[in-house]
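Derivation of every value follows stated rules applied to the coordinates shown; laboratory data play no part. Here the structure is a predicted model, which is why all the values come from computation and not from measurement. With ideal geometry, Cβ positions are generated from the backbone for all residues, glycine too; neighbour counts draw on all protein chains shown.
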Amino acid sequence: MSAAPVYDPYDYAIDEDPYPVYRWMQDEAPAYYNAEHDFYALTRYQDCLDAFIDFETYSSAYGTVLELMHGRPFEAPMIIFMDPPRQTRLRNLVSKAFTPRRIAELEPRIRAIACRYLDALVGGGEADFVAEFTAKLPMDVISTLLGIPEADRDAVRGWSNLLLHREPGNPMPPPKALEAQARIMDYFQAALDERRARPRDDIMTLLIQAETSDGERLDDVELRAFFNLLATAGNETVTKLLATAFYWLARFPDQRRILLADPSAIPGAVEETLRFDPPSHYQGRTLTRDVELHGRTLPKGARIAIVNGASGRDPRKFPDPDRYDVRREIDLHLGFGFGRHICLGASLARLESRIALEEFCLRFPEYEVTGVERMHSSNVRGLSGLTLRY
């Protein structure tokens, strides 16, 4: 009798292809417990959805990344590490930067950025499309929003990458990640000071000036934390989403041909990629009470991994879930989370991804994958390198 699989989000081998382990968990251990790292994991779609909705039971205030959750509320004012009403106040303020009108107005600028990078690759050959395109586009878009000068973007991108990286056998942030954290915070404080002296037409200035109906404003600690979140989450997730889409469209050329023949199917391809292999694979929560689930008691104070990366492959929700189908009808996936903490930049990520795929398909209808390099983080999954021959 073979031993039961072990789900370890820090295991590089599992990270290569976690979906067989996810399926076993869904079928055999839907309220899975990892004794070594002392956390429970939910992998079924409905369980993940219910947990996202029930923020009072599944608290974000103790952190959302397993290795950083130590049973104490987070003091850092990071919006993803909060529960309502504190989270609601901050989200209402920062959402002023992500109104539908403001996002829609970005389309020409995003398309121009995408075209500039892709045009430089036209002509045939071989290139790492992460290094030359998918890592640059979202960083430039976020930098445009924040007002980060072009000369600083490589440095900010490098710091954000280091923040997420984990070394084999050690779930804690390595020294380089802590150094990057300090550098990026110093950078944003200097940018805040500069904008108070000379306001600009960018999100930094907008959020410095934003206030509630009773005149409350964000302080510098809150502002730095939010800009750091944008520069890391907003950069890394789209970088990984696009590279993953290019990878699977190479592996499923019949699906790529659908997009080439009918570009109106591209938004569906974005959603299918988010279901099939999303960049965000789990969200950590801490239980505020005992929960009875699948015949076992998950105790108050337990750390929970809501494995939304598994939920998209749950056959209880999605028929034939391991088939990549750009025309699949998806009523709701959890690639951006759900509930009070649904991704604030989801509409921007969708817009960037749609434009990138449209312009990529126009220029590179035929290509093959010749090299893959995977980045390793406990809760973000994706490629740090994707070499294509075209």
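Observations
- Applying the Karplus relation 6.51 cos²θ - 1.76 cosθ + 1.60 with θ = phi - 60° to the range 69-84 yields 3J(HN,Hα) values of 9, 10, x, 10, x, 6, 7, 5, x, 8, 4, 6, 10, 9, 10, x Hz, where x marks Gly and Pro.
- Taking every Cα-Cα distance in the range 258-319 and sorting them into 5 Å bins from zero, the calculated P(r) comes out as 4, 15, 15, 17, 15, 13, 8, 4, 4, 4, 1 percent.
- Spatially proximal aspartates and glutamates relative to LYS176 (Cα-Cα < 14 Å; intrachain offsets below 8 disregarded): GLU167
- Radius of gyration, Dmax [the range 231-281; alpha carbons; angstrom]: 11.4, 35
- Under 5 Å, built H, 5+ apart or other chain: amide partners of GLY63: PHE74
- Other-chain or far-sequence residues with amide H under 5 Å of GLY382's (modelled H): MET375
- Ratio Rg/Rh [Cα only; Rh per Kirkwood] for the range 12-389: 0.95
- Here's how it looks for THR370: its modeled amide H is under 5 Å from those of THR387, LEU388, ARG389, which are all 5 or more places away or on a different chain.
- Separation between Cα centres of the range 1-80 and the range 186-259, rounded to whole Å: 26
- Sorting LYS176, LYS317 by the number of Cβ atoms found within 10 Å of their own Cβ, with the fewest placed first, yields LYS176, LYS317.
- Considering only GluC sites (Glu not before Pro) in DSSP loops that have at most 13 other Cβ atoms within 10 Å, the longest stretch of the chain without any of them is 217-328.
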